[in-house]
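Quick notes on the structure that follows.
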Amino acid sequence: MRRYLGEASGVTVTATPHYFGRFLVIRRARDDSRFGGHWAFPGGRVHYFEQNDRFGDSDDRRVLCETLTEAAVREVREETGLRTSGLAFYTDSYDSLGNRAAAHFCIDVEDDHVLVDSDEVMDYRWVSTQEELLKLTPRIAGIEYHLEYIFDELSGRHTGPFRPLSILDLTRAVYSEHS
């Protein structure tokens, strides 16, 4: 059994949901202290939790942290209601706000029926081109570079990018969205 303990202050993830050549961008809620009203990709901090496993008469309690893809899948699900197809690719890592490590993924989703969490998201758009993204203002700085890299990956300039989520995290098996 898992019990949520908090957020890892130094590690964040972002994810670009992908559905048949379109990419989801969300507009952060106005009351977001840092990015209110800005267009961005879903994302947030990695969570840590206490894992309780019962083995016979003893309890084994451990503090664990989500893997990066677990956090990315969770953030997409929480903020947009979208379920992943189980395929994704890592795009890059970057220094977020000068004090956090961040990883970005492109995650293939099962459908395009978005159900936003109104506490975190005030609007969303599916975009198919860089030009469509650039029309959305204000944007979080650098968002266009993530999308440019994704377009390069998907255009065949690199080998087929999508991989099963389970092989992107080397620390443990893929997160089950049904748990």
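Every number in this text was worked out from the coordinates using simple rules, so none of it is lab data. This is a predicted model, so every value here is computed, not measured. Every residue, glycine as well, gets a Cβ built from its backbone with ideal geometry; the counts of neighbours run over all protein chains shown.
Using Cβ contacts closer than 10 Å as the measure, can you line up 83, 30 from fewest to most?
Values: 83 15, 30 9.
Going from sparsest to densest Cβ surroundings: 30, 83.
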What ranking, highest mean first, results for peptides 65-73, 105-113 when packing means the other Cβ atoms within 10 Å averaged over each residue? 65-73, 105-113
So how do 147, 154 line up by other beta-carbon neighbours within 10 Å, fewest first? 154, 147
Find how much the distance from residue 63 to residue 22 grows on full extension, using 0.36 nm per residue of separation minus their present alpha carbon separation; answer in nm with one decimal. 11.0 nm
